[in-house]
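What follows is a single structure, written as structure tokens, with notes after it.
The values are calculated or read from the model by the stated rules, or taken from the named source; none is laboratory data. Nothing here was measured: the structure is a model prediction, and the numbers come from that model. Cβ placement follows ideal geometry from the backbone for every residue including glycine, while neighbour counts extend to all protein chains displayed.
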Amino acid sequence: MKSVRISLVLALILAFAFVSATKADNHQSLTIVWAEWDPANYLQELSKDFTAETGIAVDVIQIPWPNFQDKVFTAFVGKSDLYDIVIGDSQWLGRNSQGENYINLTDWINENIDVDAIYGPAMTAFAEYPKGSGTYWALPAEVDAAGYVYRKDLFEDPKEMAAFEKKYGYALAPPKTYDQLRDIAEFFTRPDDDLYGIATWYSKEYDGITMGFQQVMWSFGGTYGDADTYKVAGHLNSEDAAKALEFYTDLLQFAPPDAPNYYWAETLNAYNSGKVAMAMNYFAFFPGVLNPEVNKISHDKSGFFIAPAGPKGHYISIGGQGMSISSFSKNKDIAKQYMKWFMQKPVQEKWAALGGFTPHKEVLQSDTFKMASPFNKAFAESFPYLRDFWAVPEYAELLAACQTHWNAAISKIKTPQEALDAIAREHEEIFEDAGYYDE
Amino acid sequence: MQTNHPYKTSRGMSDYQLKMAFIMPTMTLLILMNIFPLLWSLYLSFHRYKASMPAAPRFIGVRNYARLLQDPEIWGYFQTTAYFVFLAVAAQFFIGFGLALLLNREFRYKGFITTLLLLPMMLSPVVVGLFWRFILFSDNSGLLNFFLSPVLKSPIGWTTNPKVAMLAVVIVDTWMWSPFMMLIALAGLSAVPKYLYEAADVDRASAWFKFRWITLPLVSPLLLIALLFRTMDAFKMFDIVYVLTREGGPGTATETVSMNLYKLAFRNYNTGKACAMAYILLIIIVALSNIYVKYLNRVKGEA
């Protein structure tokens, strides 16, 4: 009797294992992880076509921006196979390639992808590490840039235009320089009417203030350091960089009272609630300002312009992400199949039509793309000016130092020079520890 | 084979084996989950090591400790933490003990009110942080600023003004943990023998005399234990700061040591340095706890 029972249990276990295995074979799936924002929704929508063609289900997992990096990196440390494709920031390339979290795609890309069809700077920024090496760890998925949205109803109001010209001596229009940006921000700051001039990124969360401020710093003449020697002192804490930080701190007086906490969501909310005349954000977030359900005040009265130039140049923070395959994925072949499918021109056209910022050169430069949304033209104009943060494996430490001390400067806990000196010191320590200064 | 040995059970296990059978699972868990990580992290604290990179740990002596102890920013985080511990624990002590004194008498709905007062303590700190961040401390639309608006010229930047942000964290932590202090104090108060008060009443002792010479000495040991727990817990403050003031902002105004430790360990993955910092923190907490325990023993002796 006992042996009959044991046989029965074993038979049940075997049957269950067989059913599970069959089920798994019949339902292949791919898991993509990305930040929580509109492009991830577009990708989920786009992926339905891939599922229709191949029968492979695609699940796009979205993680809120402030926790995006922490959750993905923790999964990497645990060698988790939770994610097959990771759509990560450009700065992640160094760390995840050297940390063996992304698989090397160089040979596969050279054999399967028409690299010439991809916008060159995007390939460099989102796929290649070290830069110029021809070694690829990703394919560009979403190309993005920081830009501005403004209230056309305010900017084109004859009374406002006359008052502005009288006060500042030139016509009210989207600013071309940071001086003009400051004038306009000052002009529209009317706390009694709960209206402020500008909303921009000052937050200490993730990369908030760094992405907002770095483009100002570059345009004022400051840099993160020497890209060849990795020396930071004299570059990051230069007089130009200090002036830029003074300017960015000064701009805060024309922003709403809670602006020191502004990241992408708060900036959008401030604009959509009619609290500010202009707002800086990445272009990929701007569909939110055109949605009448979210923006009841200015969804049909919004214009867009590229980030202004500074006294010593014109640079804009690059955004967007590359699509990489996790080293711990059990579906690497399916992931490659998906990426090859994604880079096809018809798919890229649909990706752009859904609202994605395509890295496909031809699609990107087409009039169809430029006219597809009110902000695509300004987005395309930003391209020649794009610049990136360090993409070295130590980028997270470098970023954390910037976030802490720049936020301390705008909070008046440190002077701009003190904040920059502290960052320069910490950055050099990080580079020294990592062996960048070894002979 | 069954024997008649007096120290063996009917299934053949000796007392020693039985003891080991009961102890071993706990010991194994303790060694795997506590002792090994403790020793491993001590080992890593003397190495250059990043958990996110494939390179093996490289021995660098006390360099991690030296770097940390020479870093003026780190001392700033310790000062911020000490400031927070002092304000929060003091506020919780006075409010919690005050509430316990009020509840230590019979009145209608006492049980219901006590339960209500205990609710904040039962919530998740993350939920508490988000709750206060969005509902009360939002600079423009927060209820707190709304209620204060008749007396304020402009809204208070609870989480954006570096001079106020620490107060915001203290208020939230106090709201959450004063009930804990109250609960322990209440347990102490209810254990004070009634006849002592009756004897004092016979002697026509004043209320202050009864509080100073009966209540306080008998409740002190429990209060000190509560203080010990709260001090240790406050020293590790992380969750509320992470959520409420967005990673210790504005700037470094509310960046506690634990917040900075989290960044070192799980954002920068500077594992070796993070282990060194964790050990510095551990030593400080152990030292503080020892002071409390010594004082507690003295008070217990006196009581």
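For region A:41-59, the condition of being crowded, with 16+ Cβ neighbours inside 10 Å and either within 14 Å of chain B (Cβ to nearest Cβ) or within 28 Å of B:A51 (Cβ to Cβ) (or both) holds for none of the residues. Of all residues in region B:209-242, those satisfying the criterion of being within 14 Å of chain A (Cβ to nearest Cβ) and in contact (Cβ under 8 Å) with a residue 40 or more places away in the chain are B:D239, B:V241, B:Y242. In region A:68-111, the qualifying residues are those that are aromatic (F, W, Y) and more than 14 Å from every other protein chain (Cβ to nearest Cβ), and the one that is surrounded by the fewest Cβ atoms within 10 Å (Cβ to Cβ) is A:W108.
Please specify each residue of region A:205-230 satisfying the condition of being closer than 19 Å to A:V392 by Cβ, away from every other protein chain (no Cβ under 14 Å) and not in a helix (DSSP H, G or I). Correct list: A:G222, A:T223, A:Y224, A:G225, A:D226, A:A227, A:D228, A:T229, A:Y230.
A:L93 meets the conditions (1) farther than 20 Å from A:K332 by Cβ; (2) part of a helix (DSSP H, G or I) in every case but one. The failed one is (1).
Within region B:70-93, the set of residues being over 14 Å from B:L167 (Cβ atoms) and either in contact (Cβ under 8 Å) with a residue 60 or more places away in the chain or in contact with a Cys (Cβ under 7 Å, 6 or more places away or on another chain) (or both) comprises B:E73, B:I74, B:G76, B:Y77, B:F78, B:T81, B:V85, B:V89, B:Q92, B:F93. State yes or no: is A:P311 closer than 20 Å to A:V143 by Cβ and either surrounded by fewer than 21 Cβ atoms within 10 Å (Cβ to Cβ) or charged (D, E, K, R) (or both)? The answer is no for A:P311.
Which condition breaks for A:A378 when tested against (1) crowded, with 19+ Cβ neighbours inside 10 Å; (2) at the interface with another protein chain (Cβ under 10 Å from one of its Cβ atoms); (3) at pLDDT 90 or above? Checking A:A378 against (1) crowded, with 19+ Cβ neighbours inside 10 Å; (2) at the interface with another protein chain (Cβ under 10 Å from one of its Cβ atoms); (3) at pLDDT 90 or above, the one that fails is (2). Applying the set (1) crowded, with 22+ Cβ neighbours inside 10 Å; (2) more than 14 Å from chain B (Cβ to nearest Cβ) to A:D367 leaves exactly one unmet item: (1). Just checking, how many residues over region A:252-271 are modelled with pLDDT of 95 or more, farther than 10 Å from A:A199 by Cβ and either among the hydrophobic types (A, V, I, L, M, F, W, C) or touching a helix residue (DSSP H, G or I) at 6+ places or on another chain (Cβ under 6 Å) (or both)? Selection size over region A:252-271: 1.
For region A:198-215, residues that are in contact with a Leu (Cβ under 9 Å, 6 or more places away or on another chain) and basic (K, R) total 0. Kindly indicate whether any position in region A:50-63 is of a type in the set (S, T, Y) and either part of a strand (DSSP E or B) or modelled with pLDDT under 95 (or both). No, the conditions are met nowhere in region A:50-63.
May I ask you to verify whether A:Y263 is in contact with a Leu (Cβ under 7 Å, 6 or more places away or on another chain), surrounded by fewer than 24 Cβ atoms within 10 Å (Cβ to Cβ) and either at negative phi or within 14 Å of chain B (Cβ to nearest Cβ) (or both)?
No; evaluated as a whole, the condition is false for this residue.
Please specify each residue of region A:231-248 satisfying the condition of being over 17 Å from A:I410 (Cβ atoms) and either out of contact with any His (no Cβ under 8 Å at 6 or more places or on another chain) or in a helix (DSSP H, G or I) (or both). A:K231, A:A233, A:G234, A:H235, A:S238, A:E239, A:D240 - these are the residues of region A:231-248 that are over 17 Å from A:I410 (Cβ atoms) and either out of contact with any His (no Cβ under 8 Å at 6 or more places or on another chain) or in a helix (DSSP H, G or I) (or both).
Look at B:T245 and say whether it is in contact (Cβ under 8 Å) with a residue 60 or more places away in the chain and closer than 21 Å to A:W406 by Cα. Taking the combined requirement at face value, the residue satisfies it.
Quick check, is A:F304 surrounded by 21 or more Cβ atoms within 10 Å (Cβ to Cβ) and more than 16 Å from the chain's Cα centre (by Cα)?
Judged against the criteria, A:F304 is a match.
With respect to B:K273, is the statement that it is facing chain A (nearest Cβ under 10 Å) and more than 14 Å from the chain's Cα centre (by Cα) true?
The answer is yes for B:K273.
Got at least one residue in region A:133-143 being loosely packed, with under 15 Cβ neighbours inside 10 Å, without any contact (Cβ under 8 Å) to a residue 12 or more places away in the chain and in the same structural domain as A:F283 (by TED's automatic domain parsing)? No.
Just checking, which of B:R67, B:R108 is assigned by TED's automatic domain parsing to the domain that holds B:A226, surrounded by 16 or more Cβ atoms within 10 Å (Cβ to Cβ) and over 23 Å from B:W175 (Cα atoms)? Sole residue among the options that is assigned by TED's automatic domain parsing to the domain that holds B:A226, surrounded by 16 or more Cβ atoms within 10 Å (Cβ to Cβ) and over 23 Å from B:W175 (Cα atoms): B:R67. Here is a check on your reading of the model: is B:A100 closer than 30 Å to A:A408 by Cβ and not acidic (D, E)? No.
The requirement of being within 14 Å of chain A (Cβ to nearest Cβ), farther than 30 Å from B:L216 by Cβ and surrounded by fewer than 15 Cβ atoms within 10 Å (Cβ to Cβ) is fulfilled nowhere in region B:16-37; no residue meets it. Taking region A:411-439 as the search range and keeping residues that are more than 29 Å from B:R58 (Cβ to Cβ) and within 8 Å of chain B (Cβ to nearest Cβ), which one is surrounded by the most Cβ atoms within 10 Å (Cβ to Cβ)? For region A:411-439, the residue satisfying everything is A:S411.
Just to be sure before I move on: is A:I297 part of a loop (DSSP other than H, G, I, E, B), aliphatic (A, V, I, L, M), surrounded by fewer than 24 Cβ atoms within 10 Å (Cβ to Cβ) and away from chain B (no Cβ under 14 Å) in the structure I sent? When the stated conditions are applied, A:I297 passes them.
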